[in-house]
Amino acid sequence: MSAPSTRRVRVALVGSGPAGLTAAIYLARANLAPLVLSGVPSGGQLMLTTDVENFPGFPEGIQGPELIERMHQQAERFGAEFVDENVTSVDLQRRPFALHLGSGQVVEAEAVIVATGANARWLDLPSEQRLRGHGVSACATCDGFFFKGKHVVTIGGGDSAMEEALFLTKFADHVTVIHRRSELRASRIMQARARAHPKISFLLDTEVVEVLGQETVTGLKIKDLRNGAVRELPAQGLFLAIGHVPATEAFRGHLDLDAKGYLKTHETTRTSVEGVFAAGDVYDHRYRQAITAAGLGCMAALDAEKFLAEAAAPKASHA
Ligand code: NAP
C-alpha cells in the first residue's frame, strides 16, 4: 500500500461557512496562502437558507448560497486554496499539526482554524430516522417544494422553526408548529410574523412521540404534555428545527469540548492547543449569526497570523 500523500501549509482552515471564509479572506490578504478544507457539503448553514435580510451591506437581502459564493470568490481572489474534503482525524500533539482527510491525504499545518459549525439536531426517534428523506427533513428550504398542497409540521419554538414554518407556507396548505413548552423562544418579530400567518397554527406543550407511515410520512403521534393525552395528527411532512449539534467529532479527545460538544475557547478564539483557533458556531452557541460567525472568523485569522509571526520570530537570547 502506498503511503498517503502529505502536503505542508502555513495555515489550514477547517470549514467553509462565513467563519471559515472570512478567516480565509484575512489570511489570504496577509499573504499566508491559507488552505481551506471546505468539508462536504461545503458552505455551512447559509447554503440551506434562502433570504438573508440581516447581513449588513445587502439592503435588498441576499440568498444564503450567493453570500457564501461571494465570500468564496473574495478569498480565492487573494490566494486562498480550497479542497472539498472532510477532516476525519487530527494529530495536534505534534508540530506541524496533522489533519487527515477523507481521501487519505494528510495536510500538515503550522496553525489551524476550526470553523466546522454545527449541524441540525434530530429527535432521534427510530420512526423519524427511518423516514428521513421520505417526509422527514431538517431543511425546509431544501425540501419544502415537495410538499405542495400538503399539511406539514415544524417542530421547535426558536427563530428557525418560525422561519421554516413561514417558508413552508409557500408550498403547504397548512403548517402546524409543535413546541414542547407554552412559550416560544423565537424573537418577537419572527413570532409575530408566524402568528399572523393564516396558514400557520400552533400546538404548544406538545411533543412528537412517533412518526407514522411506512413508505412516507402519513401522520404523527403527539402527546399533550399538560395531561399526557396521546393522539394522532395527520400530516405528510415533518420538519425539524430544534437546534444544532456542533461538528466537533474529529477533534474529540484532541481539543477541550464543553458538555454539549462545543469547542472551549479562551481569549476569544484560542482553543486548548496553542496554534489551534476556533471561529463561528463551532464554539459560539449564543449568537449563531452569519455576521457574528464572520466576525469571529476575522478574529481567529488575526490571532493565527500573530501566532505564526511570533513562532517565526528569532527567539531572544538569554545568554
Ligand atoms: P434555538 O433558538 O436553540 O431553538 C431550538 C428550539 O427547539 C427551542 O424552542 C427548543 O425548545 C426546541 N428543542 C430543542 N431540542 C428539542 C427536542 N429534543 N425536542 C423538542 N424541541 C426541542 O435554535 P434555532 O431556532 O435554530 O436558532 C438558533 C440561533 O439562530 C438563535 O440565536 C436564533 O435567533 C438564530 N436564528 C435567527 C434567524 C433570523 O433571525 N431570521 C433565523 C434562524 C435562526 P425550548 O425552547 O424548550 O428549549
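The values are calculated or read from the model by the stated rules, or taken from the named source; none is laboratory data. Here the structure is a predicted model, which means the values were calculated and not measured. Note that we place each Cβ from the backbone using ideal geometry, even for glycine, and neighbour counts take in every protein chain shown. Accessible surface areas use protein heavy atoms only, side chains included; no ligands, DNA or RNA. Shrake-Rupley method; radii C 1.70, N 1.55, O 1.52, S 1.80 Å.
Data for the structure
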read-out: Stretch gain in nm, segment residue 260-residue 124, where the contour uses 0.36 nm per residue and the Cα spacing is subtracted; value: 47.3 nm
read-out: Prolate/oblate/rounded label for the chain (Cα gyration tensor, a/c 1.5); value: prolate
read-out: Solvent-accessible area per residue for the chain (1.4 angstrom probe, square angstrom); value: 51 Å²
read-out: Cβ-based charge dipole, segment 122-240, positive-most Cα from 131, 213, 174; value: 174
read-out: Segment 122-240 - percent of accessible surface contributed by carbon and sulfur, probe 1.4 Å; value: 49 percent
read-out: Any cysteine of the chain lacking a neighbouring Cys Cβ under 4.7 Å - listed by number; value: 298
read-out: Debye log10 I(q)/I(0) for segment 239-295, one point scatterer per Cα, at q = 0.13, 0.21, 0.29 Å⁻¹; value: -0.33, -0.80, -1.29
read-out: Gain on full stretching of the segment that runs from residue 286 to residue 201 - 0.36 nm per residue minus C-alpha separation; value: 27.8 nm
read-out: Residue 54/residue 245 FRET efficiency (R0 30 Å; Cβ-Cβ; nearest 0.05); value: 0.80
read-out: Segment 204-219 and segment 170-193: distance between their alpha carbon centers, rounded to Å; value: 18 Å
read-out: Span-like helix ranges in the chain, DSSP H, alpha carbon extent 24 angstrom or more, Kyte mean at least 0.0; value: 290-312
read-out: FRET efficiency, 1/(1 + (r/R0)^6) with R0 30 Å, evaluated for residue 224 and residue 193 via beta carbons; value: 0.70
read-out: Largest-first ordering by accessible area, 1.4 Å probe, given options 83, 245; value: 245, 83
read-out: Ordering of 223-231, 63-71 by burial proxy (mean other Cβ atoms within 10 Å per residue, highest first); value: 63-71, 223-231
read-out: Linear extension gain, residue 232 paired with residue 63, 0.36 nm per residue minus alpha-carbon span; value: 57.1 nm
read-out: Ordering of 147-155, 284-292 by burial proxy (mean other Cβ atoms within 10 Å per residue, highest first); value: 147-155, 284-292
read-out: By average C-beta atoms within 10 angstrom, highest first, the peptides 204-216, 24-36; value: 24-36, 204-216
read-out: Segment 122-240 shape via C-alpha gyration tensor axes, a/c threshold 1.5; value: oblate
read-out: Dipole of the chain, positive direction: furthest Cα of 15, 280, 86, with charges on the beta-carbon; value: 280
